[in-house]
Amino acid sequence: MPEATVKRKRPLWYNLNLLNLPVPGVVSILHRISGLLLFVLIFALLYVLDRSLASPESFAGMRDTLSHPFVKLIQLGLLWAFLHHLLAGIRYLLLDIHVGLALPAARASSYAVLGAGLALTLALAAVLLW
């Protein structure tokens, strides 16, 4: 009976902070977020394509709309989402064929995906968006 009355110490909250995740976990979560972002914004991209092909006047209107700074910021986010999703997808394909499964290689490839995604985004944004 005495054992049943002793309260066990339980944590009051669970630490679900993303900063405690290892780098491969952060890449995995960002891969999912970028995939969702691409899926949601594909409809907006299809609308822009439809409007730009409708007539010369609507093309000029879309060109003016897409040159707005806030829309360029959305385009920058979409470009990052595409590049990160592409690079992380290639990393996961390599992991599926057992390339880079060791912990140091997995961490290095995670850092490479994050760095290359940001570098390519900035390089392509400088060329394509501005």
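Some notes on this structure:
- Diffusion coefficient, µm² s⁻¹, Stokes-Einstein with Kirkwood Rh over alpha-carbon pairs of the stretch 32-83 at 4 °C and 1.567 mPa s: 111 µm²/s
- At least 20 Å along the helix axis (C-alpha) and Kyte average at least 1.6, DSSP helices within the chain: 23-54
- Ligands, DNA and RNA left out, the accessible area of the chain computed with a 1.4 Å probe is 73% carbon and sulfur.
- Across every pair of non-identical alpha carbons in the chain, the mean reciprocal distance, once inverted, gives a Kirkwood radius of 18.0 Å.
- Relative contact order %, the chain, counting alpha carbon pairs below 8 Å whose residues are six or more apart: 31 percent
- Dipole in debye (nearest 20) - the chain, about Cα centre, beta carbon charges: Lys, Arg +1; Asp, Glu -1: 660 debye
The values are calculated or read from the model by the stated rules, or taken from the named source; none is laboratory data. All values derive from a computational prediction rather than experimental measurement. Don't worry about glycine lacking a Cβ; one is built from the backbone with ideal geometry, like all the others, and counts go over all protein chains shown. Accessible surface areas use protein heavy atoms only, side chains included; no ligands, DNA or RNA. Shrake-Rupley method; radii C 1.70, N 1.55, O 1.52, S 1.80 Å.
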